[in-house]
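Inspection log for the structure reproduced underneath, given as structure tokens.
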């Protein structure tokens, strides 16, 4: 659609009415204001009002009843028989997501459902657009990986709109703190990082650095596991050994900070990484500095991905049962749809430590 069309008065009215319907502020079966009332409110002609309404009628958002007026169409019947499930993830091509999506699809396709897939690229504005797009489509439910789940969501009105339309959704990998009561399937990230740091302590490491993501729930919980493992093993927590990073600076900050630790002579002997992606790149950086893994520095990752296996020194990592997580989320959503019960149990999967070659006992 051209910018000229978007500036047209009919278009603005059409978008306003459509937004009111999508957000659930105009409810199914509810009569919209008359042409005269809309014309007066928006200072436009009745012809312009009719054009906007005509588009929404043709799109299935409104229907007219001769001699009575125009009403909001109940789209739930068509939506509830669509056999479509929306899936929104932060990424699609990243190393863990294809397997998660595969797990979701294996369960849904077996039960006669199709997936409509969207990605936010871990951007809050993109999440808004994805949720809005899903509200426009005929979907029976949603599986959503929240974007920057540790940050207060500015998209709560979209989630409220899903509630208004009785579209069930299941969070995967995390949830917003204000929506903890919503159904979710997550990994016990705290237990996973606890296992990795506890293992390093058993190998005699006392100066263990940690790298954590600050804008998602996984990062905060993995940090909790790091802190607990140190405390329970009698090792003091040193905040100067912790590197926090945001989505936007993940390519630069973690490695630069660890490089600074090494050059400053801080004496770190091990690094517990937020994920395998960072651990893999950290390995490359350490080797480029003339040091060896694990002889000089031990490294642990998280996710037990192909990166941990394909590293020149295989990385000790925390398992991430990607397909199992996707399957569990899909089964939970299907159970909600079948029983029409949102107050269903959520799922927490406890990971394990996969010990490989990247850690060494300290003398």
Only helices counted: for the chain, with every DSSP H run of 4 or more residues adding -39500 (n - 2.57) and the sum spread over all residues, [θ] at 222 nm is -13500 deg cm²/dmol
Please say if segment 51-208 is rounded, prolate or oblate, where rounded means a/c under 1.5 for a ≥ b ≥ c the square roots of the C-alpha gyration tensor eigenvalues, and otherwise the choice is prolate for a/b larger than b/c and oblate otherwise?
-> prolate
Going by average Cβ neighbours within 10 Å, how do the peptides 229-241, 192-204, 12-24, 315-327 rank, with the highest at the top?
-> 315-327, 192-204, 12-24, 229-241
Can you give the relative contact order of segment 3-74 as a percent, counting alpha carbon pairs under 8 Å and 6+ residues apart?
-> 36 percent
Would you mind classifying segment 189-320 by shape? Square roots of the alpha carbon gyration tensor eigenvalues, ordered a ≥ b ≥ c; an a/c under 1.5 is rounded, otherwise it is prolate if a/b is larger than b/c and oblate if not.
-> rounded
Given a cut-off of under 8 Å on Cα pairs at least six residues apart, what relative contact order in percent is computed for segment 189-320?
-> 25 percent
Packing-ranked peptide list from 160-172, 208-220, highest mean Cβ count within 10 angstrom first, is 208-220, 160-172
Kindly state, to the nearest 0.05, the FRET efficiency for residue 202 paired with residue 166, given R0 = 41 Å and r defined as their beta-carbon distance.
-> 0.20
Compute the Cα gyration tensor for segment 66-149, then decide on rounded, prolate or oblate, letting a ≥ b ≥ c be the square roots of its eigenvalues: rounded whenever a/c is under 1.5, prolate when a/b is larger than b/c in the other cases, and oblate in all that remain.
-> oblate
Which whole-number percent gives the relative contact order of segment 317-356, counting Cα pairs below 8 Å spaced six or more residues apart?
-> 68 percent
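Read-outs throughout are calculated quantities, based only on the coordinates presented, and are distinct from any laboratory measurement. Small disclaimer: the values here were computed from a predicted structure and weren't measured. Cβ sites come from the backbone with ideal geometry, for glycine too, and all protein chains shown count toward neighbours.
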